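Enquirer: One structure coming up, written as structure tokens, with questions to follow.
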């Protein structure tokens, strides 16, 4: 008697149906959780779609941040720089007043 073969996830992209799908690195905690539950994390080479492929279905994963992520990073870095300048200015003022 043959044992039941394990069903392998389909090797095509659920978005564009291309056959150019390869394994992707696990990045986020959700990727690791889905992998622990038996999914294979994949990315389509044609449309760059990431998904977790189970035996009978796939779960789409978040796309990398687009242009709005760039502006958010610039804003956070700029505000951090301003805060550092204000703290340095406050320290200089505080110690120059007390030494007089």
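Enquirer: Given labels modelled 7 Å from the Cα in the Cβ direction, how far is it in nm from residue 17 to residue 62?
Expert: 3.1 nm
Enquirer: For residue 71 and residue 37, FRET efficiency with R0 = 30 Å and r from the beta-carbon atoms, rounded to 0.05?
Expert: Given R0 = 30 Å and the Cβ-Cβ separation, E is 0.30.
Enquirer: Taking the beta-carbon count within 10 Å as an exposure proxy, list 26, 93 from fewest neighbours to most.
Expert: In increasing order of surrounding Cβ atoms, one gets 93, 26.
Enquirer: What is the spin-label model distance, in nm, from residue 79 to residue 96 if the labels are put 7 Å beyond Cα along the C-beta direction?
Expert: Output for this residue pair reads 2.9 nm.
A short reminder: the numbers here are calculations on the coordinates, not readings from a lab. For clarity, every value in this text was computed on a predicted model and none was experimentally measured. Reconstructed Cβ throughout: ideal geometry from the backbone, glycine too, with neighbour counts over all protein chains shown.
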